[in-house]
Structures are given as structure tokens and as C-alpha cells.
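The values are calculated or read from the model by the stated rules, or taken from the named source; none is laboratory data. In this text the structure is predicted, and so the values were computed from the model without any measurement. Using ideal geometry, Cβ is built from the backbone for each residue, glycine included, and neighbour counts are taken over all protein chains shown. Only protein heavy atoms, including side chains, enter the accessible area calculation; ligands, DNA and RNA are left aside. Shrake-Rupley method; radii C 1.70, N 1.55, O 1.52, S 1.80 Å.
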Amino acid sequence: MSILCIFLFLTTVVVSVKSLPNAELPAFREAPAFRNGRECPKKTWPSSFNNLNHHHHDPSIIHIAMTLDATYLRGSVAGVLSVLQHAACPEHIVFHFIATHRRADLRRTITSTFPYLTFHLYHFNTDLVRGKISSSIRRALDQPLNYARIYLADLLPFTVRRIIYFDSDLIVVDDVAKLWNINLGAHVLGAPEYCHVNFSYYFNSRFWSSPVYATSFTGRRACYFNTGVMVIDLRKWREGKYTEKLEYWMRVQKKNRIYELGSLPPFLLVFAGDVEGVEHRWNQHGLGGDNLEGLCRDLHPGPVSLLHWSGKGKPWLRLNSKRPCPLDSLWAPYDLYRHPTLFCDT
């Protein structure tokens, strides 16, 4: 290969990583078609979901929400593939994708990669969080799309009564119907809880020294939960006006800076202690290391249904750099990324 060809290849890689507004989106191989097993109920809705508002609620449909952007698109595509591959009834899964811009390009990418997928793509208006986001310890946590999970009840049609929210840096290795079918009881939200975690890590001294803020958790057994995997009752969310409750804490943060971790602390302030606990197997999180160094980590003890590379280190970036962590090899089989060719015409 000539020096010029090597230079052009490296330039292409750098541009794609920076995700410039006019840069080409990553290209992906077409995923296989996944079909329902014989035990699945008959599919009763059309492939096009353009008129989702006009369809009655169908309890056999599993609704999953994810965000889409150029930076995390490779992770999102791997996540979708993993869900479909392990589902007993993949044709009963509907994806609800949320994006801030380049929706036409993203729609083409998803359609060409998953020709048989039923999905809907929504625009997230960043004006909803303008003036409400404070800087955090990692720049990725400050992006408006990171806050889209707060507005799912407003973005999705009222016919969608329950939603699973997934981050874009995870893979599912079990039938997602098991997660979908958990009983939320009277709770709005279900997620794996970690009650041994010290809450002092998630809020700063200004929070704990304030008599008003520090008593926010009084009277409830508040446990940490990761917001990258949540099952949400959207009807209860709308009735309880939980978007407004989360926005309240975002405004408090903007004024007084009581935490450093993006969209997570408002969820803890509103929901911690009032979450339906889900088996830990459904969020083996932290595989991306911490938010500063992204060092390699091992799995938590116990069974695994979902692997989550929360933290700074992402498996596709570590694989690209030829410095993967051992567990990144579990993500690699779901990677449909079409690598740029190393060859040039001479």
C-alpha cells in the first residue's frame, strides 16, 4: 500500500470518530432476517408504523427505545442485532429510535441494515433541555440526547403504555421478553438496584451540606440504579408528571451545582427507593470502566442476560485501537460495522 493510501485511510478513520456534521455515517452489513417461532402469537399490525397513533394498544408487542447518533451508531446497531438474535418472537419487537438530527440518513442506515425491522424514528428537540444541562465529569454525558430518556412519555404515542429503555453501549444475550414481562406493581420504573453503593459518590458536598437537599432521601431506602436499562410504565409516568419532577432537579443543578454526573442524579433524586427491583443479570454494567480512564473490568458474579459497557471505554473504540479488554470479545460478534478498505486503486 502506498504512503498516500495509508494517509487517506487514517484520515477517514479520524473524521468518522469526530463525527463531523457532514461526515458519512458508518456503513454496516445487512443483518439476517429473524422470524418468530411457532409459539409466537400472530402478528396483527402492518410493517409500517407511520400511523402508530391510530393503532390500538397490543400487549403482545414489545416496545424498546434507544437513541441514535453518529458517535454511538455502531453500538446501537450491535444492540439491536443482539435483541433480535436472542428473542423468541423478534417480529413482535418494535424499536423507537430518538435522534436530534440527520434523521433521514439514520433512517436509511437502519432500513438498509435491518430491512425487516419494525421501527419508528422520532425527533428530539434540543430546545427542551436548553439551559437545563450542566457540564459533568465526561463530555459525552453533557449531550442533549443523553437526556432524551426523560422525555419518552412525551415523544412516544399514548398507545405505547410501557417501554424498555436501552443505552447504545450494550448487548442482550437473553430473550428480552423476560425483561418486558416483569411485574412493576405500583411502581413507575423497574431496574436492577444496587443498595450497597455509597450515595455520597453521586452528589457533592454542596448537596449533603444543605438541610433542604440532604433530606431528599429521608423516609425511603434509596438504592443506586443505572438508567441505561429501565422498564417504564408510561401511563403512570404521564399521570405522575415525572418529566416535570426530573426537570425540577435539572434546574436546581443549573443554579446550585449539586452533582457531577449528567442525567443520572435527577433519576436517583426522583425514583431511588421507589423502583421495582429487577434481577442484576439484566444490567451487568460498568464494563467500560469508570468515567475518567475506562479501564478493563470483570463481570459481576452471577448469571448474565445483558452486558453494558457503561463508563468511558467503548468496545468498538478499543477494538479499533487494537487494545481491547477481554470482555470486548463478547461484543464483537454483534458488530455489523463494514470496515473501510485498506486498498487503493493505483
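General observations
- Residue within segment 89-110 that is touching a residue at least 24 places away in the same chain (Cβ under 8 Å), open to solvent by less than 60 Å² (accessible area, probe 1.4 Å) and closer than 22 Å to Gly240 by Cβ present: yes
- Take the conditions (1) modelled with pLDDT of 95 or more; (2) of a type in the set (Asp, Glu); (3) not in a loop (DSSP other than H, G, I, E, B); Asp174 misses just one of them, which is (3).
- At least 3 residues being within 17 Å of Tyr72 (Cβ to Cβ) and open to solvent by less than 40 Å² (accessible area, probe 1.4 Å) is the threshold, and among the helices (runs of 4 or more DSSP H) wholly inside segment 228-346 those reaching it are 315-320.
- Some residue of segment 172-185 being of a type in the set (Lys, Arg) and without any contact (Cβ under 8 Å) to a residue 60 or more places away in the chain: no
- Within segment 180-219, the set of residues being among the charged types (D, E, K, R) and touching a His at 6+ places or on another chain (Cβ under 9 Å) comprises just one member, Glu193.
- Any hit, segment 121-140, residues being within 16 Å of Leu246 (Cβ to Cβ), hydroxyl-bearing (Ser, Thr, Tyr) and assigned to a loop (DSSP other than H, G, I, E, B): yes
- Checked against the criterion of being of a type outside the set (Phe, Trp, Tyr), open to solvent by less than 40 Å² (accessible area, probe 1.4 Å), over 18 Å from the mean Cα position of the chain (by Cα) and modelled with pLDDT under 95, segment 134-145 contains one or more residues that satisfy it.
- When segment 150-197 is filtered for residues that are buried (at least 18 other Cβ atoms within 10 Å of the Cβ) and in contact with a Cys (Cβ under 7 Å, 6 or more places away or on another chain), only Glu193 remains.
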